[in-house]
Amino acid sequence: MANPDKILQEMEGILKELISTAEQLKQISTQVVSEEDISPLQISQQELLEKLEEMDQEYQKLTKGAASPAKLKFEEMLNYFEKLNSAFIENIRKSSGLIEFELHQKNNKKSNKK
């Protein structure tokens, strides 16, 4: 039978990788980037999330959802990851809106010249 503490340690390692990836995504999302720039990081992030979810299910079965100080620390780290990811999404939305606005302005200038 697997040890819940060992599983939680592995989950923390994966979460640290997720946080690192999310920090990178957040940073590059403040610049004008192409999908090719962020796609590898997003794929890595998705793979890590899937692995984390599987491990969390196993952990929940073993502990029957009981809280522990280590689990609380893990949840704090998870909240930090979620904030980073939300900031990344917001930055992408803003830059996407800016690009659409710039294209609209450019198209208006072309139609005004005619």
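Go through segment 21-66 and report how many residues are among the acidic types (D, E) and farther than 16 Å from N85 by Cβ.
Selection size over segment 21-66: 6.
Select from segment 1-60 the residues that are part of a helix (DSSP H, G or I) and either in contact with a strand residue (DSSP E or B) (Cβ under 7 Å, 6 or more places away or on another chain) or polar (S, T, N, Q) (or both) and list them in ascending order.
From segment 1-60, those part of a helix (DSSP H, G or I) are 4-28, 35-60; that's our starting set.
Scanning segment 1-60 gives Q9, S20, T21, Q24, Q27, S39, Q42, S44, Q45, Q46, Q57, Q60.
Taking A87 as the residue in question, decide whether it is farther than 17 Å from E10 by Cα and not in a helix (DSSP H, G or I).
Spelling it out, it is not the case that A87 is farther than 17 Å from E10 by Cα and not in a helix (DSSP H, G or I).
Take the residues of segment 48-69 that are surrounded by 14 or more Cβ atoms within 10 Å (Cβ to Cβ) and among the hydroxyl-bearing types (S, T, Y): which is nearest to the chain's Cα centre (by Cα)?
Among residues in segment 48-69 that are surrounded by 14 or more Cβ atoms within 10 Å (Cβ to Cβ) and among the hydroxyl-bearing types (S, T, Y), the one nearest to the chain's Cα centre (by Cα) is Y59.
What tally of residues in segment 42-71 results from selecting those that are in contact with a helix residue (DSSP H, G or I) (Cβ under 9 Å, 6 or more places away or on another chain) and among the charged types (D, E, K, R)?
Total meeting the criteria: 4.
Any residue in segment 41-56 that is more than 21 Å from A67 (Cα to Cα) sitting within a Cβ distance under 9 Å of a residue that is among the hydroxyl-bearing types (S, T, Y) and in a helix (DSSP H, G or I)? List the pairs, counting only those 6 or more apart or interchain.
So the pair list comes out as L41/T21; Q42/T21; S44/T21; Q45/T21; L48/T21.
Throughout, read-outs are computed from the coordinates displayed, never taken from laboratory work. Remember, it's a predicted structure, so these values are computed and weren't measured experimentally. With ideal geometry, Cβ positions are generated from the backbone for all residues, glycine too; neighbour counts draw on all protein chains shown.
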